[in-house]
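Written below as structure tokens is the structure these notes are about.
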Amino acid sequence: MGSAALYHLARSGVAAIGIEQFQIGHDLGSSHGFSRIYRNFYDDPLYVALAEEALPLWQELESLSDQKLLHLTGLLYFARPGNDNVEQRMGVMEALKRPYERLTAQEVSARFPALRLPEDSVACLTPGAGFLDAGRSVLAHLKQAQRFGATIHDQVRVDRIDLSGESPVLETSAGQYRCERLIISPGPWASEILAELALPLRVTRQQKFYFRPKNRAPYQPGPLPVYGDSDTKFYGFPDYGPGLKVADDGLGAEFSPSEVDRTLDLGKRDELQRWLESIMPGSGFSYVEGSTCMYTLTPDRDFLIGSHPRNPNVLVGAGFSGHGFKFSTLIGKILADLAADGATDYPVERFRLDRFDKVGGA
Ligand SMILES: Cc1cc2nc3c(=O)[nH]c(=O)nc-3n(C[C@H](O)[C@H](O)[C@H](O)COP(=O)(O)OP(=O)(O)OC[C@H]3O[C@@H](n4cnc5c(N)ncnc54)[C@H](O)[C@@H]3O)c2cc1C
């Protein structure tokens, strides 16, 4: 979110500095790796609209940086009878007149030969969905931000934000920064750096694993879409980077972000491999690698975007609740608009920080 905000600020001619505690490209937060789902397949029209608003911004970033970031492979979401989650979302697509296809398990295999879903599955394909190359997207935002004049100070940790004077002051490991406006998007570290706001956030440990099939051709983006199972909450990507990435959207254990246990849960890995083999039998998957990432969850899983209760010149973007990446270029624009102009045309009223009773702090 920070890299996107920096890009949009610089693009609109604002002199901006981006501050990051680790090295650029690190894998210790929430935005590293090869893939995040891009979809408008939500049961909530607000997120459908925001995903669609993000699309031209992603395309613009692709064009400026002359590389492919968004792979529109389609998203196949499926469930067994009795689980109405897929039906509900199809209802939203129907009501909003968005393209989707209801498919039987047989039709899924005819379309994507690697996939063999249980015969009685209900499946929905949304053609305008796919995945973003996460690591490249962050770097593209940063590189374009620099091209438009922004400065990046990495390996600089913000220890304290002083809001006692007119201008916000950052106390950092590299000294003080006095700012006219400030955007804070600290990911899982939000509760630490914004401790006085008592934000109702929980950080969970999530893990993702890569598997490589024997014959890679049928598993490439295109022959295989992004896929998600509403019953297990497991989901996966086509073969991209080290292999097929698979993860569990169910919530992992809670941690504080600096103490998260990054030891890989091999039981979860094996469970995900068994699931993958069950929907793509005969693939001969071998395990490649795994890594840890964090969800930062609000109680309602809606985001926190808006001004700091104590200072309208300070904007906060946090609590992206495990589904924020697809919107990140748009959220960067929204934060940049709010910081530069005090207003945005995008519908973010629902994300106000003060919607939770306790937020406000001293
Ligand atoms: C396993 C997994 C799968 C996901 N899948 C999807 C998906 O398919 N689709 C989707 O849309 N979203 C997905 N998400 C969610 C999405 O990745 C996140 O919502 C998003 O990346 C959050 O970005 P962020 O900028 O808030 O946090 P981060 O990427 O963690 O960025 C915060 C940055 O702030 C820096 N920082 C923090 N504190 C300080 C400080 N004091 N001083 C200096 N720097 C600081 C951190 O080092 C970090 O670089 C997934 C998340 C995970 C973990």
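Being more than 13 Å from the ligand (Cβ to nearest atom) and among the basic types (Lys, Arg) is the filter; apply it to region 265-299 and report the residue that is least open to solvent (accessible area, probe 1.4 Å). Only one residue fits best here, namely 269.
Taken over region 161-177, the residue count meeting the criterion of being of a type outside the set (S, T, N, Q) and either exposed (fewer than 12 other Cβ atoms within 10 Å of the Cβ) or touching a Gly at 6+ places or on another chain (Cβ under 8 Å) (or both) is 3.
Residue count for region 1-21, restricted to those that are under 12 Å from residue 329 (Cα atoms) and assigned to a helix (DSSP H, G or I): 8. Only a single criterion out of (1) within 13 Å of the ligand (Cβ to nearest atom); (2) open to solvent by 30 Å² or more (accessible area, probe 1.4 Å) is not satisfied by residue 356, namely (1).
Answer yes or no as to whether residue 3 is in contact with a Leu (Cβ under 6 Å, 6 or more places away or on another chain) and among the polar types (S, T, N, Q). In short, yes.
Quick grid of which residues meet (1) touching a His at 6+ places or on another chain (Cβ under 9 Å); (2) within 13 Å of the ligand (Cβ to nearest atom); (3) open to solvent by 50 Å² or more (accessible area, probe 1.4 Å):
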{"position": "75", "(1), (2), (3)": "no, yes, no"}
{"position": "91", "(1), (2), (3)": "no, no, no"}
{"position": "101", "(1), (2), (3)": "no, no, yes"}
{"position": "111", "(1), (2), (3)": "no, no, yes"}
{"position": "117", "(1), (2), (3)": "no, no, no"}
{"position": "128", "(1), (2), (3)": "no, no, no"}
{"position": "133", "(1), (2), (3)": "yes, yes, no"}
{"position": "152", "(1), (2), (3)": "no, yes, no"}
{"position": "157", "(1), (2), (3)": "no, yes, yes"}
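The set of residues in region 218-249 that are free of Cβ contacts under 8 Å to residues at least 40 places away in the same chain and in a loop (DSSP other than H, G, I, E, B) comprises 220, 233. The set of residues from region 95-133 being within 18 Å of residue 40 (Cβ to Cβ) and in a helix (DSSP H, G or I) comprises just one member, 95. Restricting the search to strands (runs of 3 or more DSSP E) fully inside region 253-362 and requiring at least 2 residues that are β-branched (Val, Ile, Thr) gives 286-297, 311-318.
Based on what the data block shows, is residue 206 outside the structural domain of residue 52 (by TED's automatic domain parsing), closer than 23 Å to residue 317 by Cβ and either more than 11 Å from the ligand (Cβ to nearest atom) or open to solvent by less than 20 Å² (accessible area, probe 1.4 Å) (or both)?
Criteria met by residue 206.
Of all residues in region 178-202, count the ones that are open to solvent by 10 Å² or more (accessible area, probe 1.4 Å) and either more than 9 Å from the ligand (Cβ to nearest atom) or part of a loop (DSSP other than H, G, I, E, B) (or both).
Summing the residues that are open to solvent by 10 Å² or more (accessible area, probe 1.4 Å) and either more than 9 Å from the ligand (Cβ to nearest atom) or part of a loop (DSSP other than H, G, I, E, B) (or both) in region 178-202 gives 16.
Contact map, region 154-179: residues that are not assigned by TED's automatic domain parsing to the domain that holds residue 28 paired with residues that are of a type in the set (A, V, I, L, M, F, W, C) and away from the ligand (no atom under 14 Å from the Cβ), Cβ distance under 9 Å, separation 6+ or inter-chain. No pairs are found. Taking region 300-324 as the range and being within 11 Å of the ligand (Cβ to nearest atom) and β-branched (Val, Ile, Thr) as the test, the residues that pass are 305, 316.
Just so you know, in region 209-224 the residues that are away from the ligand (no atom under 16 Å from the Cβ) and closer than 21 Å to residue 270 by Cα include one that is surrounded by the most Cβ atoms within 10 Å (Cβ to Cβ), and it is 219.
The values are calculated or read from the model by the stated rules, or taken from the named source; none is laboratory data. The structure displayed is predicted, hence computed values, not measured ones. Here the Cβ is made from the backbone with ideal geometry for all residues, glycine too, and neighbour counts use every protein chain on show. Keep in mind that these areas ignore ligands, DNA and RNA; they rest on the heavy atoms of the full protein, side chains included. Shrake-Rupley method; radii C 1.70, N 1.55, O 1.52, S 1.80 Å.
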